[in-house]
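Each remark here refers to the structure printed beneath this line.
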Amino acid sequence: MYGAYHLSAAENIIGVEINEDLCKLVKEVLTKRNMLDRVEIITSDICDQAHIVSIIFRADFTLWIHVFNRLARGFALQAPS
């Protein structure tokens, strides 16, 4: 997110993380660095497809943290019907 914030013109940078404690930590860092004007952190399961699809459509940049670990354990995302 730091790179997206400082190296791009993206207005809506969204990070998705399932771990609430990690989200709180990231929000603290973003607050201290005055980066909340373009960055949003969402605590969510990346596999909650309805929620994630709505996030993707409003973001210029979306960061999925460790999504491949989840998918590698036998869960595959399905396209919405």
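Computed values, structure above
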read-out	value
Qualifying residue in the range 27-49 (condition: in a helix (DSSP H, G or I), at pLDDT below 70 and of a type outside the set (Asp, Glu))	yes
Test: residue 24 is at pLDDT 85 or above and more than 15 Å from the chain's Cα centre (by Cα)	no
Options 75, 61, 68; residue that is within 13 Å of the chain's Cα centre (by Cα) and either farther than 23 Å from residue 5 by Cβ or modelled with pLDDT under 75 (or both)	61
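The values are calculated or read from the model by the stated rules, or taken from the named source; none is laboratory data. The structure displayed is predicted, hence computed values, not measured ones. Glycine gets a Cβ as well: all are built from the backbone with ideal geometry, and neighbour counts include every protein chain shown.
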